[in-house]
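*Asks:* Encoded as structure tokens, here's the structure I'll be asking about.
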Amino acid sequence: MTATSSNRVALVTGAGRGIGKAIALRLAADGLDVAINDIPANKAIAEQTAEEVRAKGVRSTVALADVSRETDVAGMVEAVAKDLGKLDVMVANAGIANVTSLLEVDVDTWDRIMSVNLRGAFLCYTAAARQMIKQGGGGKIIGAASIVAYRPFALLGPYSASKWGVRGLTQAAAMEWAKHKITVNAYCPGIVGTDMWELIDEKLAKEEGIPQGQAIKKYSEAIALGRVSVPEDVAQFVSYLASPDSDYMTGQSVMIDGGIQFS
């Protein structure tokens, strides 16, 4: 692809692996040029995802940044707009979790989770919106919430609170930026087979005194469709949110959890 490509351009944060990688590859399959973000320590896997994106016949660039840092996020969006010509879709996917009872959560852990999951979403949303407003023509901003934005899980208090925050942020942003033809929505995964959920399972099992693997099995029994999600399940929904098909949808945080929680 050349620098004059007419493809729409997406930026996916935390795209080195897991749900973020699946989203990046799906958007590439949809014909979008895709910028890959991850933290500098994950440079190698970010570059690998970018190579897989290019193999689908579209352009890609790697934008290393810590989404909790304002200067990093501003620089990331500026670099993507320069490298790929514009920014049409922002997927604020990056996130972290910690499994600890609320009485044992220290302030540093609380702040770290909030800084990545909530402040990171805020910084990505606003930086993308500024770029899209400057370009004109609107855009799509998509955030990572979670099933716990509707029903928290025990031992995931800070994570749950951060995702409730993403849900509220998404609604506020949708209200303010509709006049710019920018839609803002979020996806709410349930139990997904990723490294994050393997860590959650390990720590939940320890807290509950059950064998590793049994915690995720226990929670999975509530899934109406009878199986744990894979990242591609989430990516398929994000594909819709990033497409013109969702142009009349904004301010929504939609559960894609196989039928655990019903709102």
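*Asks:* Do you know which residues across region 141-197 are outside any helix (DSSP H, G or I), more than 16 Å from the chain's Cα centre (by Cα) and under 21 Å from residue 123 (Cα atoms)?
*Replies:* Of everything in region 141-197, those that are outside any helix (DSSP H, G or I), more than 16 Å from the chain's Cα centre (by Cα) and under 21 Å from residue 123 (Cα atoms) turn out to be 181, 182.
*Asks:* Is there any pair linking a residue in region 172-192 that is under 24 Å from residue 260 (Cα atoms) and modelled with pLDDT under 95 to one that is in a helix (DSSP H, G or I) and not hydrophobic (A, V, I, L, M, F, W, C), with Cβ under 7 Å and at least six apart or on different chains, and which?
*Replies:* Close Cβ pairs (under 7 Å, with a partner that is in a helix (DSSP H, G or I) and not hydrophobic (A, V, I, L, M, F, W, C)) amount to 191/219; 191/220; 192/231.
*Asks:* Right, another one. So, of the residues in region 198-213 that are part of a loop (DSSP other than H, G, I, E, B) and touching a helix residue (DSSP H, G or I) at 6+ places or on another chain (Cβ under 9 Å), which turns out to be surrounded by the fewest Cβ atoms within 10 Å (Cβ to Cβ)?
*Replies:* Going through the qualifying residues, I end up with 211.
*Asks:* While we're on this one: Which number in (1) crowded, with 18+ Cβ neighbours inside 10 Å; (2) assigned to a loop (DSSP other than H, G, I, E, B); (3) without any contact (Cβ under 8 Å) to a residue 40 or more places away in the chain marks the one condition that residue 56 misses?
*Replies:* (1)
*Asks:* Only residues that are loosely packed, with under 13 Cβ neighbours inside 10 Å, in a loop (DSSP other than H, G, I, E, B) and either at pLDDT 85 or above or assigned by TED's automatic domain parsing to the domain that holds residue 186 (or both): list them for region 228-263, please.
*Replies:* 247, 248, 259, 262
*Asks:* Scanning region 1-42 for residues that are in the same structural domain as residue 77 (by TED's automatic domain parsing), among the β-branched types (Val, Ile, Thr) and not in a strand (DSSP E or B), which turns out farthest from residue 242 (Cα to Cα)?
*Replies:* In this case the residue turns out to be 39.
*Asks:* For region 220-227, indicate whether the set of residues that are assigned to a strand (DSSP E or B) and of a type in the set (Ser, Thr, Tyr) is non-empty.
*Replies:* No.
The values are calculated or read from the model by the stated rules, or taken from the named source; none is laboratory data. Predicted, not measured: the structure shown is a model, and the values here were computed from it. Note: ideal-geometry Cβ built from the backbone for every residue, glycine included; neighbour counts use all protein chains shown.
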